[in-house]
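Structure first, then comments.
A short reminder: the numbers here are calculations on the coordinates, not readings from a lab. What you see is a predicted model, and the numbers here were worked out from it, not measured in a lab. In this analysis, Cβ positions are derived from the backbone assuming ideal geometry, glycine residues included, and neighbour counts consider all displayed protein chains.
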Amino acid sequence: MQQDLFSLADDSGLEAVAGGRGRRLGSGTVLLPGLALAEAPNLVAEIGSIARVAPFRNMLTPGGQAMSVAMTNCGPLGWVSDRAGYRYQANDPDSGQPWPAMPAAFGQLASAAAALAGFADFVPDACLINRYLPGARMSLHQDRDERDFSQPIVSVSLGLSANFQLAGETRSGPRLRLPLVHGDVLVWGGPDRLRFHGVQSIAAGEHPLTGACRYNLTFRRAT
Ligand SMILES: O=C(O)CCC(=O)C(=O)O
Ligand SMILES: [Mn+2]
């Protein structure tokens with residue numbers, strides 16, 4: 001069963017939160033449409049600087065398949081996947097060097113978004129940067145490699161649009177299909193922290209800021 005949310009206009013029936021800047025999609029899930037819009041050019045420039053030091057790469061799943069989404073990280077810890085499994089580590093496995101520092105603008109945006117969604121004092125120690133070229137997708141999964149599930153996930157969308165899928169705590173239940181566009185920020189935590197989620201195959205297109213690609217920043221508190 002799939003429920004479509006094509007429009008988040010005021011008549012969508014969703015509860016407005018954060019003084020009208022957010023829409024509640026679940027008891028611990030808040031969409032903040034366009035929250036990152038003003039900062040987006042700076043965020044994309046920072047992604048470019050990070051990728052010059054820690055280039056995007058298609059990591060291997062534990063089963064040995066290359067992921068369609070290319071990834072890099074910034075911050076004290078980075079999420080990695082290879083034949084040994086999923087984990088966070090302080091060094092880029094490709095270079096052996098620490099991940100690039102998290103730009104101040106990244107941390108500030110993540111903390112502000114979490115606070116607007118009702119999660120005070122969120123200080124991320126990891127930012128996974130996903131790069132989706134047209135055709136790339138991320139299958140339904142939970143974010144569960146972090147130590148403390150009382151800390152939310154903050155996800156920032158930049159560039160080409162995506163159809164985000166949001167399920168419950170099982171893969172098989174009803175799914176919400178949520179269009180995420182440039183500048184949107186989605187926060188999930190509390191009772192929704194372990195919701196399954198994924199991204200459908202990105203459609204071809206050109207975005208004025210990112211070209212033929214979508215970036216997603218996922219802020220986590222890993223430790
Ligand atoms: O790209 C997205 O919107 C979601 C990414 C995600 O779920 C992840 O990196 O774990
Ligand atoms: Mn995820």
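Odds and ends about this structure:
- Listed by first and then second residue, the pairs with beta-carbon distance under 7 Å, at least 6 apart or on different chains, first residue in segment 12-37 and in a loop (DSSP other than H, G, I, E, B), second loosely packed, with under 15 Cβ neighbours inside 10 Å, are 27/191; 28/191.
- Near pairs, Cβ below 7 angstrom, 6+ apart or cross-chain, from segment 38-65 (hydroxyl-bearing (Ser, Thr, Tyr)) to any residue that is surrounded by 13 or more Cβ atoms within 10 Å (Cβ to Cβ): 61/67; 61/81
- Scope segment 27-46; condition surrounded by fewer than 22 Cβ atoms within 10 Å (Cβ to Cβ) and farther than 13 Å from residue 182 by Cα; matching residues: 27, 28, 42, 45, 46
- When each of 144, 171, 177, 195 is tested for being part of a strand (DSSP E or B), within 25 Å of residue 61 (Cβ to Cβ) and basic (Lys, Arg), the lone residue that passes is 177.
- The single residue among 204, 120, 105, 113 that is under 20 Å from residue 74 (Cα atoms) and out of contact with any helix residue (DSSP H, G or I) (no Cβ under 6 Å at 6 or more places or on another chain) turns out to be 113.
- Qualifying residues in segment 132-151 (those that are of a type outside the set (D, E, K, R) and within 12 Å of ligand 2 (Cβ to nearest atom)) - the one farthest from residue 205 (Cα to Cα): 142
- Applying the condition of being away from ligand 1 (no atom under 14 Å from the Cβ) and either more than 22 Å from residue 34 (Cα to Cα) or among the acidic types (Asp, Glu) (or both) to segment 176-203 and asking which residue is surrounded by the most Cβ atoms within 10 Å (Cβ to Cβ) yields 190.
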